[in-house]
Each structure stands twice: as C-alpha cells, then as structure tokens.
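The values are calculated or read from the model by the stated rules, or taken from the named source; none is laboratory data. Since this is a predicted model, take the numbers as computed values, not measurements. In this analysis, Cβ positions are derived from the backbone assuming ideal geometry, glycine residues included, and neighbour counts consider all displayed protein chains. Surface accessibility is based on the protein's heavy atoms, side chains included, excluding ligands, DNA and RNA. Shrake-Rupley method; radii C 1.70, N 1.55, O 1.52, S 1.80 Å.
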Amino acid sequence: MVVEASFVIHIPASIYQEMVAHVSAGYPNETCGALGSLDERVIKNYPTANAAEHPDDFSIISEVDIVRIYNDIDEYDGDMIYYHSHPITEAYPSARDIDWAKRSGYVYIIFSHRLHPEPPYARVFKINPQGQVTEGQIAID
Ligand SMILES: [Zn+2]
C-alpha cells in the first residue's frame, strides 16, 4: 500500500544516528531532545535530559534547556522539532503527548523501543490545536 505523506522531514544520517544513540542511552526511561530545522530540513540536534517527575512514563525538556535551545535556533531563524522515545509502546503520540503538542505546535518525532534489543525506530507527526494527528515521513539523507 502506498500512502502519500503529507509532509517530509529531512534528517542528515549523522544527526539521526546521534538521536538513536541518545534515546538508546536513556532506555528503559523515556528520553527527549530537540532539533533545529530550516524548511523541514534538520540542521542541529539538541539532546537534553528528561526533566519529567516519572521519566519511565513521560518526558519533558526543562525550562532552562528550552530557553537555551530557543535562543540558539533563533540565531538561524529555524523551527523547533521535539523528539522523545517510548520505551514500550508504539511510536505514536499518547493522549498526554497530544495534549502537550496541541499547545506547543511543534512537529513531534517519536521513537519506539518496542522491538528492543533491535534499534529504536521513529515516526513523525504534526498535531493541530484540535488534537488531530497527521503523520509525515522521515527522510534520512
Ligand atoms: Zn510520548
């Protein structure tokens, strides 16, 4: 079956490998980070600590890290993409993810360790203010 992707996020292979290493290092907790992109092309990776109270169950980037990342992305007029991992469940936004995403407006990349010890895989989503989820495609360049 061929599914027409609604949008495509391009990630350089070197950055994608860094993301996989970061979320794998955090396993079995959730791990998070941000990416800076220009025209849906990722140009910078900002791996962060997970500031959630229960990191096995949710992930949040701390206020301090968010401000630092925002300021840096501002330097090149980029957009922020949020990424995190799901240790057990599918790489699909949870109800709580949707709740946060519809307020932030970020593109979400979610990794799943569902097939652990195989490497985690990722999917990408846009979530509108009404909470509707649209899946895009990740192109590793
Ligand atoms: Zn999640």
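Counting only GluC sites (Glu not before Pro) that DSSP places in a loop and that have at most 12 other Cβ atoms within 10 Å, the longest clean stretch of the chain runs over 91-141. If you plug the beta carbon distance of Asn128 and Asp57 into 1/(1 + (r/R0)^6) with R0 = 25 Å, you get a FRET efficiency near 0.50.
How much of the accessible area of the chain, probe 1.4 Å, is carbon plus sulfur, in whole percent?
Working: 4060 of 7710 Å².
Summing carbon and sulfur atoms, their accessible area is 53 percent of the total for the chain.
Solvent-accessible surface of region 8-116, averaged per residue with a 1.4 angstrom probe and all protein chains in place: 50 square angstrom.
The amide H of Ala139, built 1.01 Å from its N in the peptide plane, has Ile9, His10, Ile11 as neighbours under 5 Å, considering only residues 5 or more places off or on other chains. Net charge in the neighbourhood of Lys102 (other residues with Cβ under 15 Å of its Cβ; Lys, Arg +1, Asp, Glu -1) is +1.
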